[in-house]
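Just below is one structure, and these are the notes that go with it.
The numbers here are math on the coordinates, done by the rules we state, and not lab data. Predicted, not measured: the structure shown is a model, and the values here were computed from it. Positions of Cβ are backbone-derived with ideal geometry, glycine not excepted, and every protein chain shown enters the neighbour counts.
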């Protein structure tokens, strides 16, 4: 069976990813993330759907995101200046702490979509996109990079998505689609995926992912 072009790119990126694997100290990281609790929760499980859950997200992915935020490559207004005084080891320790925490399932939000009679139909659409993609529009499945259960691929730097807030996932896919989110080595992959997703598909797949564990 032929793989889509984007699926092949995804696999190639996993093979050529930066080999500098994170080596943080989770115990040391606990005190270093105290300032982050207001948005991301004490254990990395955010209680606000606009702020991502960081627990169990993947240490390598988290380190790379923290580095791009610190450098200004990825701009998050709420985090402006928060990492300025952090060393690279601090960032690795913070990532290790969050990755050591158990991820909670946030569950779907209000998911009524025009043309769908109930939430189950929306979740079915989301599952189809996540597991099989959309052959007609060239959308690859999400499982190749993020695993069937949403556990990601940490050595390759692909985050665990299962249980993440649906609102946050939808907002990030929309930002990838518009080009607003362009930082990191895998941004081109996600932009190529998101630009082929409709608003309806984004909302449906985001809600399906939020229930994975």
Based on the Cβ-Cβ distance of residue 135 and residue 213, what FRET efficiency does E = 1/(1 + (r/R0)^6) give at R0 = 30 Å, to the nearest 0.05? 0.60
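Order these by the 10 Å Cβ neighbour count, fewest first: 137, 53.
Placing the least packed residue first, the sequence is 137, 53.
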Is the C-alpha gyration tensor of segment 122-194 telling us rounded, prolate or oblate? Criteria: a/c under 1.5 is rounded; beyond that, a/b larger than b/c is prolate, otherwise oblate. rounded
Rounded, prolate or oblate, given the Cα gyration tensor of segment 22-100, with a/c below 1.5 counting as rounded? rounded
Using a 10 Å cut-off around each Cβ, can you sort 78, 127, 201, 180 from fewest to most neighbouring Cβ atoms? 78, 180, 127, 201
Cα→Cβ-extended label distance, 7 Å offset, between residue 87 and residue 147, nm: 3.2
Just want the ordering: 39, 142, from fewest to most Cβ atoms lying within 10 Å of their own Cβ. 39, 142
